[in-house]
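Taking it in order: structure first as structure tokens, then the write-up.
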Amino acid sequence: MADLTINRLRSGGVITNLYCSAACKHCLYASSPKWDKGYIDASMASKVITKIKELGCHSVHIGGGEPLLNIDGMLQFLQIANQQNLMVEYIETNSSWYKNAAQAVAILDQLRELRVDTLLISMSPFHNEYVPFYKVKGLIAACERSGMAVFPWIRDFFGDINSFDDKQTHSLTAYCAKFGTDYVQKIPGRFPLNLRGRALLTYKDFHAQIPIEQVLEDNSTGCSGLANTSHFHIDLFGNYIPGLCSGLSISVDDLGKALDDQEYLFLHTLYNRGVPGLLEIAQEQYAFVPDAQYVSKCHLCFEIRSHLVLAQKVVAKDLNPVEYYQYV
């Protein structure tokens, strides 16, 4: 079997925290207020940055959770990034921390002093379930005052969101009532969603169910995408997320070398044998009973891994963080 080795990183980001003011129904990493408020500490930040640079990547974005809920933690991370000459391309934010123009400008000025010149500001019906739109508009205005560039993600939803009272949050049900019952179903046509994490659970009922036999036949080879580093993420615990497959993990200490096939049994199996191999292990060793139909190989993979972690209490280096499976 082939070894899985992550020996070069191309472009990606650091997840400084998974605690969030929102629990968006499309969130890849199942961020929410349920998570511990922990933030990447100085030691882990230095270790992660060192590894990222060792493997050939010299700039990252920062995401969460909501990374600007802990300003001191963010400033510490940026100071370490500057010391180690790692460029921060942008910080992702949902604007929930915004209180008023003066407070926001003061924070933005601190970020700019540490060489951050762009915020990716989330703008979608998913976020509007938790964040009133006046905060988004207020933060954009504060960015203009401070000289911070704005990357609105995504601007196409501005009109839809702004048609509601911007002092309130609004449910997806309200969007469907206003714009049509298929509004949520049509969002992926406007918003590039990774149908994993919560997005998988939100959208699985909109997709045709495929007999498990067909899922296995159509995906009988290994998941080569686990080796893709064109857009990587590393979280605050030092977990590298292979192929952006949330809930799978590689310790940052093990990047740059062939992974041990026993320490990383489930990941090694997926990489070489795909979801049929993972299913075989789960059935033979962990009492997994599959459903008759799934919407995709990712759906089946997620259900198997959830069973391993939640029902069988499996502790494994490649199935982290455990809270992901609890909060998705």
- prompt: Counting pairs of Cα atoms in the chain, how many percent are more than 25 Å apart?
  reply: 54 percent
statement: Taking the dipole of the chain about the Cα centre (Lys, Arg +1; Asp, Glu -1; charges at Cβ), the one of 310, 286, 79 that reaches farthest to the positive side is 79
Per-residue ³J(HN,Hα) for the range 95-111, Karplus 6.51 cos²θ - 1.76 cosθ + 1.60, θ = phi - 60°, Hz, x for Gly and Pro: 6, 4, 7, 5, 10, 7, 4, 5, 4, 5, 4, 4, 5, 4, 4, 5, 5
- line: Note: residue 47 to residue 227 extended length (0.36 nm per residue) minus current alpha-carbon separation gives 62.7 nm
field: Listed residue (131, 210, 249) projecting farthest to the positive dipole end of the range 128-252, Cβ model
entry: 131
message: In the range 146-172, whose amide N lies under 14 Å from the spot 7 Å out along Cα-to-Cβ of residue 101? List them in ranges.
response: 146-147
From phi via Karplus (6.51, -1.76, 1.60), per-residue ³J(HN,Hα) for the range 179-188 in Hz, x at Gly/Pro: 10, x, 5, 9, 4, 5, 4, 8, 4, x
Contour excess over end-to-end distance, with Cα ends at residue 220 and residue 85 and 0.36 nm allotted per residue: 44.3 nm
message: Under 5 Å between amide hydrogens, which residues at least 5 positions from residue 27 or on another chain qualify, with H placed 1.01 Å from N in the peptide plane?
response: 198, 199
task: Starting from the amide H of residue 210, placed 1.01 Å from N in the peptide plane, find each other amide H under 5 Å away whose residue is 5 or more places distant or on another chain.
output: 294, 295
Partners for residue 137 among lysines (Cα-Cα distance below 16 Å; same-chain residues under 8 apart left out): 99, 167
field: Rounded tilt (10° steps) of 265-286 against the dominant C-alpha axis of the chain
entry: 60 degrees
- prompt: Given H placed on each backbone N at 1.01 Å, which residues far from residue 12 in sequence or on other chains put an amide H within less than 5 Å of it?
  reply: 61, 232
field: With eigenvalues of the C-alpha gyration tensor scaled by 5 and rooted, the range 1-133, Å
entry: 26, 20, 13
query: Viscosity 1.567 mPa s, temperature 4 °C: Stokes-Einstein D of the range 159-252 from its Kirkwood Cα radius, in µm² per second?
result: 78 µm²/s
- request: List, in order, the whole-Hz ³J(HN,Hα) value for each residue of the range 247-257 obtained from phi through the Karplus relation with A = 6.51, B = -1.76, C = 1.60 and θ = phi - 60°; use x for Gly and Pro.
  value: x, 9, 8, 10, 4, 4, 5, 9, 6, x, 9
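Computed from the coordinates by the stated procedures, all read-outs in this text should not be read as laboratory data. Owing to the predicted nature of the structure, the values given are computational and were not obtained by experimental measurement. All Cβ positions, even for glycine, are placed from backbone atoms using ideal geometry, and neighbour counts span all protein chains on display.
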